[in-house]
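Colleague: One structure, pasted below without further comment.
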Amino acid sequence: MTGSPLSGPVPGSENVVPPAGCPLTPMPMTALPLPVPRDLDRPPLDVLAVFAHPDDAELICGGALAAGVDAGQQVGILDLTRGETGSRGTPEIRAREAMDAAEILGVEGRWTSGLPDGALEDSPEARIHLARHLRILRPGLVVTHWRTSRHPDHRAASTLVDSASFMAGLKNLPVEDAPPYRPRTVARATLFRDDAPAPDVIVDVGSVLDRRTAAVAAFRSQFEGAPAAGEVRGGGPERPLEEQVRHHLAREGSRIGVAWGEPYVTEHPLAIPHLGALDVPTY
Ligand SMILES: [Zn+2]
């Protein structure tokens, strides 16, 4: 499908997606032969945010991504779809906004996998497709959606990430141009999800709050004048989206005694070398 509207990096992404050494190649043996950046020489990523639509990563975990960048981590974003069925904006406008937001956060790269918006599934074909991205980008940690959502794509993305992360490590997976690789950790971002369990980890995002806010605001076609968006339920027309988001960040931050926080669930125990390394503000 090289040359199709779903091919290649998103328009305007040349300054963020590494342009050299990553020729696009079709994926073999699958019903979704969509290209991905072919760049096995690049350093592995420490953190990869894999979310359904452009803007989900910024809205749900943008603070932790920016904080990771500031800590010297290699951070990337993979949008599973281009958001082509969204009610606002166009895929081209959203792609430009997505690259602006990525630059504000300072991430290493942003890619789009080109899976179908509105029809995202944890299907065998999609697992192989995402597994190939994971083999090439080699993230140590993948962060994605919580398991429940009103948006079916978000629910599908959550299980698809599980499936693809496991399958990426299988030796005989029909992905012949990248060696087996499996992320060590899958974490779920639970900001805005009142039905999620109490977080296992909260990231203090106070030092990056302004960049987080600016990255969300970069999606003007999606959020300008909107009191609610994505996972963010509205508080009525008199409360702007930014204020609604800050309300949630303040609530999560207060759990650990800081102004602004983002919550994450790991669903597995946290490994630490000794009890003294446990930073939990009990009182
Ligand atoms: Zn979304």
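A short reminder: the numbers here are calculations on the coordinates, not readings from a lab. Computed from a predicted structure; not experimentally measured. All Cβ positions, glycine included, derive from the backbone under ideal geometry; neighbour counts span all protein chains shown.
Colleague: Can you bin every Cα-Cα distance in the chain into 5 Å intervals starting at zero and give me the percent of pairs per bin, rounded to whole numbers?
Modeller: Calculated over all Cα pairs of the chain, the distribution is 1, 6, 13, 18, 20, 18, 12, 7, 4, 1, 0, 0 percent.
Colleague: Let me ask something additional. Enter the Cα centre distance for the pair the range 199-245 and the range 77-122, rounded to the nearest angstrom.
Modeller: 17 Å
Colleague: Further, regarding this structure: Can you tell me the order of 128-141, 184-197 when each peptide is scored by its average per-residue count of other Cβ atoms within 10 angstrom, highest first?
Modeller: Per-residue mean Cβ counts within 10 Å order the peptides as 128-141, 184-197.
Colleague: Also: Going highest first, how would you order 74-85, 255-266 by mean Cβ packing within 10 Å?
Modeller: Ranked by mean Cβ neighbours within 10 Å, highest first: 74-85, 255-266.
Colleague: Of the residues 170, 105, 48, which exhibits the maximal mean-square fluctuation in a Gaussian network model of the chain defined by a 10 Å Cα contact cut-off?
Modeller: 170
Colleague: Counting other beta carbons within 10 Å of each residue's own, what order do 219, 166 fall into, fewest first?
Modeller: The order, fewest Cβ neighbours first, is 166, 219.
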